[in-house]
Amino acid sequence: MDPLTLSRIQFALNVSFHYLFPPISIGLGLMLVIMEGMYLKTKDEKYKILTQFWIKIFALVFAIGVATGIVQTFAFGTNWARYSKFVGDVFGSALAAEGIFAFFLEAGFLGILLFGWDKVSQKVHYFATICVCLGAHFSAVWIVAANSWMQTPAGFTVEGEGENARAIISSFWEMIINHSTLDRLAHVILACWITGAFFVMSVAAYYLIKKIHVPLADTMMKLGLVIAGITLLLQLVSGDSSARLVAKHQPAKLAAFEGIFTTEPYTPISVVGWVDKAKEKVYSIKIPAGLSLLTYRNPETPVTGLDKFDKKDWPNVSVVFQTYHLMVAIWGIMFLLAVAGFYLWRKKRLDDARWYLWSMVFAVILPHIAQQSGWISAEMGRQPWIVYNILRTSEGVSKNIVTSQVLSSLIMFIFIYGLLFALFIFLLDRKIKHGPVSFEEKPDTAEVYSDIYKASEEH
């Protein structure tokens, strides 16, 4: 393989691995704010115990996320020097803002969040929790804004020609709030909240199966179900809005999403299937006029097909089609699990439905599959452009790198990331099995914890 292909694989690996952690941080940040807020409002000790437990896991996720995120910045300079030169003025401001307004806010208050329970007042600690949560969210704001600029560039002018061409900001806010920023940001944040909710429910389901920490697990499960149920419904609305925006600003991407090779009225939508790119045909179960109706609210309006674009500007239709539909399918599975959970909760059978609890233990991976496949479809759907309709991916790669350099660094990253992931799983497993509280470490909490059990049993 050539340096371009290997560089794309390497960057995809780096980004995909790093992106396992920020959604958990953002989702858990929201859960921590809710849990500690409930403690301040009700003075119920179980919410304090849960907050302290999830803070430890949040800190672990934050640490691994930072370690893997730093690599991205260096990759721009080593493998994508031409791209870095072109977007330096744009990305420099966005990434600087991310560091100042997001990372410093999150990291600055993390110490109080972790170690300030007995050193500051409850309100000050809660303020720190909110700031850490906001920091995690602000990080997503700037990163998504920068990525959205690559999808729908705005607020810039191009100075110079050829190798010396550079994108220069003409309007900072137009660059940040470009055509796709708000829709994509809402979609990403909601996905992160779903990730946090399913993570909490997975741990709760494990405790309920093992019959340990039952009152706390009940609270975690019900809280997770409420957040998951709300955000999954909102994600449906967000997904519809995002798809309509893609149809307006990136029609080739939408055509690849649904494998639309020919522009015609009553454009169908595929439920499931596969693409034969050679024959330019999709074999699938279709809903007639479905895509026209969803996109334009009119079944007769044709959705722009790939026949309107030069073939050299086509994305990899097969990959984009499959990853997009995988994302949608995973949403459907998560929604069904949430509905089943609410039904069992209402029937007071949630604690004893072992089939459901085991499903939720493993369902923790579903939001990650949905997000990874969603990002793949979004980023590969933009190809062959690294900045849509402005700069091709082949023009953004560094000119002086050779295949052996990229291949050796790729192998090194696979090895290091494998070790990091193994360490993360090991530490996470220890913290979950350790449980929300240790009577040996906190003997004063044992009495409170016992009271929680008694109150639950009496109820």
The distance between the Cα centres of the stretch 216-246 and the stretch 147-182, in whole Å, is 32 Å
Starting with the highest mean, order 93-105, 11-23 by the number of other Cβ atoms within 10 Å, averaged over the residues of each peptide. 11-23, 93-105
Give the shape of the stretch 156-281 as rounded, prolate or oblate, defined through the alpha-carbon gyration tensor: a ≥ b ≥ c are the square roots of its eigenvalues, a/c under 1.5 means rounded, and otherwise the shape is prolate if a/b is larger than b/c and oblate if not. oblate
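Hey, what did the chain get for relative contact order, percent, Cα under 8 Å, at least 6 apart? Mind showing how you got there, number by number?
Numbers: 658 pairs, mean separation 87.4, N = 459.
Contact order relative to length: 19 percent.
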Put +1 on the Cβ of every Lys and Arg and -1 on every Asp and Glu Cβ in the stretch 187-383; which of LEU350, GLN235, ILE365 then has its Cα farthest towards the positive end of the dipole? LEU350
Measure nothing fancy, just the Cα-based angle from helix 317-346's long axis to the longest principal axis of the chain, in degrees from 0 to 90, nearest 10. 20 degrees
Separation of the stretch 367-398 and the stretch 45-90 by C-alpha centroid, Å? 20 Å
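For the stretch 227-324, report the translational diffusion coefficient in µm²/s to the nearest whole number, using Stokes-Einstein at 4 °C, 1.567 mPa s, and a Kirkwood Rh over Cα pairs. All intermediate terms of the calculation are to be shown ahead of the outcome.
Details: Rh = 13.8 Å.
For the chosen part, D equals 94 µm²/s.
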Sparse-neighbourhood loop hits (GluC sites (Glu not before Pro), the stretch 160-205; DSSP loop; Cβ within 10 Å at most 15 others) -> GLU161
If I model a spin label at VAL226 and LYS119 as a point 7 Å from the Cα along the Cα→Cβ vector, what separation in nanometres do I get? 3.2 nm
Quick check for me: using +1 on Lys/Arg Cβ and -1 on Asp/Glu Cβ, what's the dipole size of the stretch 187-383 about its Cα centre, in debye to the nearest 20? 460 debye
The stretch 187-383, relative contact order in percent, only Cα pairs under 8 angstrom and at least six apart counted: 27 percent
For a test of the definition: using alpha carbon positions, the gyration tensor, and the 1.5 limit on a/c, classify the stretch 187-383 as rounded, prolate or oblate. prolate
At what distance in nm do the modelled label points of ILE369 and PHE426 sit from each other, each positioned 7 Å from its Cα along Cα→Cβ? 2.8 nm
Between ILE70 and ILE287, what is the spin-label point distance in nm, taking each point 7 Å from the Cα along the Cα→C-beta axis? 4.7 nm
If you rank ARG244, ARG354 by fewest surrounding Cβ atoms within 10 Å, what's the result? ARG354, ARG244
For the stretch 262-293, listing trypsin sites (Lys or Arg not before Pro) in a DSSP loop whose Cβ sees at most 14 other Cβ atoms within 10 Å gives LYS279
Pick out, from GLY155, PRO3, VAL226, the residue whose Cα sits farthest towards the positive end of the charge dipole of the chain, with +1 on the Cβ of Lys and Arg and -1 on the Cβ of Asp and Glu. VAL226
Is the stretch 299-428 best put as rounded, prolate or oblate by its Cα gyration tensor, with a ≥ b ≥ c the root eigenvalues, rounded for a/c under 1.5, and otherwise prolate when a/b is larger than b/c, oblate when not? oblate
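So how do 82-88, 321-327 stack up, highest first, on mean other-Cβ count within 10 Å? Mind dumping the intermediate values first?
Values: 82-88: 19.7, 321-327: 21.9.
Highest to lowest by the protection proxy: 321-327, 82-88.
Bear in mind that the values in this text are calculations on the coordinates, not laboratory data. Remember, it's a predicted structure, so these values are computed and weren't measured experimentally. Ideal geometry is used to build each Cβ from the backbone, glycine not excepted, and the neighbour counts take in all protein chains shown.
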